[in-house]
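A short write-up of the structure that comes next.
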């Protein structure tokens with residue numbers, strides 16, 4: 001059995017940056033450090049962060065907070081203003097690509113555009129973008145029809161969306177309005193990871209996607225692969241792998257989402273090897 005691991009599997013720049021910021025703070029400060037929501041969408045990594053003394057919290061007014069870390073997905077201006085008034089130290093670990101999307105949303109609002117955000121309305125990144133986009137914002141999905149649009153429309157994208165979804169949305173919008181301004185805010189790493197996964201799924205008998213079940217990026221990789229490869233499995237840890245999944249296969253592909261650490265990917269590869277040796 002041949003196991004092919006995607007070269008771009010694992011932490012992206014924004015996630016690695018946030019992890020480094022958090023772990024360095026944990027070394028220097030022994031108590032009172034919290035993240036506003038889970039730092040990233042990977043339960044195993046979040047658990048490791050908790051073991052370092054840094055816990056996720058939803059209540060920004062929790063009295064024990066001395067340092068509050070803003071998660072990779074960012075927060076809205078309203079939330080940032082609220083936590084700035086509390087008096088504790090704020091450390092911003094927002095992904096730079098998300099920051100750029102926030103800036104573009106605000107620019108479009110200030111220039112008088114009705115802003116469309118392509119993304120998952122429940123995702124914290126999209127929730128943060130809403131605060132920058134103004135009152136007439138629309139959260140769009142390629143699976144749902146658009147409401148009536150104004151004459152000036154600006155488009156931004158959740159950083160983990162596939163390029164094909166943006167292209168489809170733009171085609172929809174230009175049929176319904178006079179002026180369209182588009183900012184492609186898809187993360188470079190996301191675009192490359194999706195393309196690499198597409199090519200990997202074409203040449204393997206089965207592909208295992210490793211990452212949090214709540215990870216938008218990992219879900220995109222899974223959905224993409226299911227349209228190409230007959231056997232696609234989305235797991236969080238090696239313990240989930242079943243012998244039947246790879247029985248009789250000659251080539252197994254492995255990739256991971258942007259929030260998936262290398263050590264989990266390594267454990268998955270090792271588990272597949274163990275299964276192949278037991279035949």
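Key figures for this structure:
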{"item": "Verdict on residue 164 being surrounded by fewer than 21 Cβ atoms within 10 Å (Cβ to Cβ) and within 20 Å of the chain's Cα centre (by Cα)", "result": "yes"}
{"item": "Among residues of region 81-115, those that are surrounded by 18 or more Cβ atoms within 10 Å (Cβ to Cβ) and closer than 25 Å to residue 258 by Cα, counted", "result": "9"}
{"item": "So residue 18, is it over 21 Å from the mean Cα position of the chain (by Cα) and assigned to a helix (DSSP H, G or I)", "result": "no"}
{"item": "Selected residue (criterion: surrounded by the fewest Cβ atoms within 10 Å (Cβ to Cβ)) from residues of region 135-155 that are in contact with a strand residue (DSSP E or B) (Cβ under 6 Å, 6 or more places away or on another chain) and within 21 Å of residue 97 (Cα to Cα)", "result": "138"}
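Any read-out appearing in this document is the output of simple, stated calculations on the displayed coordinates, not a laboratory observation. The shown structure was predicted, so the numbers you read here are calculated from the model rather than taken from an experiment. Heads up, the Cβs are rebuilt from the backbone with ideal geometry, glycines too, and the neighbour counts pull from every protein chain shown.
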